[in-house]
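In what follows, a single structure is set out as structure tokens and then discussed.
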Amino acid sequence: LKMAEEQFVLDTLAGCIEYKSLLDVVVNAFYVRDGRYCLIAEKNLYIVICYLAIFQLEELGLQHFSRIVKSLDIAKMQKFLRFFFNALYLNTWIKDEWSHFYDSLYVKENWIEPLLRWQPKVQQLIEELTDKLSNHTTTVKTSKVTQPKEFNLSVARPRAVPVPPPIPGLEKGPPVPPSTYKPPKEKKQLEEIKAKNRQKAEDLLLKANTNQFRCATMKSGLLYVSAKVIYFFLNNLLVQGTFLTSRDIVPFLPQYLEAGWELVLRQYLDELQIDNIPIKLNAAAILRKGALYQRKMEQELKRVENLLRGAREPSEFLEWQKQMRGKDLEEQLAEIECRRLQGKLSREEAILAHQNVVQENKKKADLMREEKAELMHQYAEKRLEEQKEMRELVEQVVEGHKNAKQAKTKLQKYKQQIVQEVCEENRELLRQALEEEEEKLRKKCELIQQIRALESLPSIRHKTVDLTETGGHGLICEMSIVELRERLALLREAQKAAEEEKRDQIIQEKQAKEQLLLDKLDQISLFRAELGRAAALKQEEKKRKSQAGEKPVKDERIVNLQKKIVERTMERKKQAGL
């Protein structure tokens, strides 16, 4: 190259390295938006064109710049220049991205505004490139087409079509048994028992509501809760077809169940007769029932031993305990009623307080509207004063811009001197870097030649294998492949013998478990028969006894709370009417 051309190339290379961060912003955005189908290898081409357009366009002039652009690919240059000289892009995101590296005022005055001045002329260049692209026609060279020739092949004889094998018919399966479409008898029996028990429960509920006991003098809400509890237990516990007595069900009732309803439920459960339906039990149910009856038998034996030793019968204590529980239950019911009335009283007081708060809030809202109107008037006056101050400030800034142009020319000359010094240093550094790279490349080439020479040497890779020999690694546990196969065969035989022994042991354990379950079933049936006889005797004994009760006395606290609730309700209605 000539001296002037070499100087221009070195200056361009130094400028591209120095302003690499600014140029990468534009080129990377071009690849993301308009240049998605351009090659990455052409990135340096776009970087150079971008540098010339930003920093060298005024020195080169539009004529030299057009000559450089037209010497390259027209389609690529037209697409890149149309993207870069977009006025909207220059004023928005390009300016913002460059402001991250340099001062925003400096970016606007030195780079953005010159590009916007050159934008109309560059737009004419872009239109010329577009016209060339539209008028450009590609000439395709026509080549001689190869004409294929058929092969001279012998004609094959036609093959005989094989006879298809006969399709085998499907075997007729056994017919579906008629029991598949019929419901089981046990399910029908359980449904009948469920319907009978539901009818009996409804009759009992009607009878209890008609003939009130001494415990039924309380509020209707509590009676309804007790009736619902009885109805729930009759529908969920008695419909399963199992024999349940009052001793099994009543302990699960809530504590607020009245003594009268408990008595009715006990009588009904003792009078209820359910036919014994065979229910299939699994192993866990059999063992659980057996353990339960075993514990009951041990407790009964222990009680008999204590009586033989001189212990007392706990019937008197149990009777006293029952009376005390009845008194505690009445106190709890009175306490529950008091809490309910206190909650109702609190609700009435809360409604009164809410009405007072609503009236106070209305007064506060009126005051706030008046204050808001006054504040809006003050804000409007303050806004007018701020606008007047802003106009004065704009006039001062305009005068400051006029004085800044002289400082700008001085700063430009100073920067040109710095750029010349930096370019000289960059040339020296580039020369040293090129020498170091050449030395590294020469050493790599020598190393590759040595490796290829070693790979070209012949090597013997064939080796015979003897299965009776060991590997020869010097280990104690070494063995040949033949010995390994023999040991594996012995291990398989030992494993098979262990599996047979384990299978016999499992069968023996299964038989012992089945025998245990049969013994438990016999024991359970015996205990159930004895418990049925004991329940029948107890039922006859209860029928002979008669019970007498007194009407519960109403608590004074409940009466006082009811009076207060009536007073608060009248006061709330009166205030609402006002």
Separation between Cα centres of region 1-75 and region 316-388, rounded to whole Å: 76
Heavy-atom accessible surface of region 12-82: percent carbon and sulfur, 1.4 Å: 56
For region 288-408: accessible area per residue (Å², 1.4 Å): 90
Stretchable slack from Thr12 to Glu395, in nm (0.36 nm times residue separation minus alpha-carbon distance): 133.7 nm
Sites Arg117 and Lys410, calculated FRET efficiency, Cβ-Cβ separation with R0 25 Å, nearest 0.05: 0.70
Label-point gap, in nm, between Leu105 and Ser71 - each point 7 angstrom along Cα→Cβ: 4.1
Diffusion coefficient, µm² s⁻¹, Stokes-Einstein with Kirkwood Rh over alpha-carbon pairs of region 2-135 at 37 °C and 0.692 mPa s: 213
Cα gyration tensor, region 140-203 - rounded (a/c under 1.5), prolate or oblate: oblate
Positive-end residue, region 2-135 charge dipole about Cα centroid, Cβ charges, pick of Ile40, Gln7, Val107: Ile40
Local electrostatic count at Leu411 - Lys and Arg +1, Asp and Glu -1, tallied over other residues with Cβ under 13 Å: +3
Set of lysines near Lys194 by C-alpha distance (under 16 Å), chain-local residues within fewer than 8 positions excluded: Lys185
Region 425-519, accessible surface, carbon-and-sulfur percent (1.4 angstrom probe): 57
Distance between modelled label sites at Glu421 and Lys194, nm, 7 Å Cα→Cβ extension: 10.2
Estimated FRET transfer efficiency (Thr92, Asn361; beta-carbon r; R0 56 Å; 0.05): 0.65
Per residue solvent-accessible surface (Å²) - region 494-539, probe of 1.4 Å: 83
Asn135 versus Ala380: modelled label distance in nm, points set 7 Å from Cα along the beta carbon direction: 6.6
Cα centroid of region 157-187 to Cα centroid of region 191-209, whole Å: 53
Within-13-Å neighbourhood charge of Cys16 [Cβ basis; K, R +1; D, E -1]: -1
Net charge dipole size for region 2-135 [Lys, Arg +1 and Asp, Glu -1 on Cβ; Debye, nearest 20]: 440
Region 1-109, accessible area per residue, ligands and nucleic acids excluded (1.4 Å, Å²): 56
Cross-link pairs beyond the 29 Å C-alpha cut-off, checked among Lys95/Lys415; Lys20/Lys443; Lys2/Lys43; Lys296/Lys513: Lys20/Lys443
Largest-first ordering by accessible area, 1.4 Å probe, given options Trp111, Trp118: Trp118, Trp111
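The values are calculated or read from the model by the stated rules, or taken from the named source; none is laboratory data. No experiment lies behind these values; they were computed from the predicted model shown. Every residue, glycine as well, gets a Cβ built from its backbone with ideal geometry; the counts of neighbours run over all protein chains shown. Remember, those area values only see protein heavy atoms, side chains included, never the ligands or the DNA or RNA. Shrake-Rupley method; radii C 1.70, N 1.55, O 1.52, S 1.80 Å.
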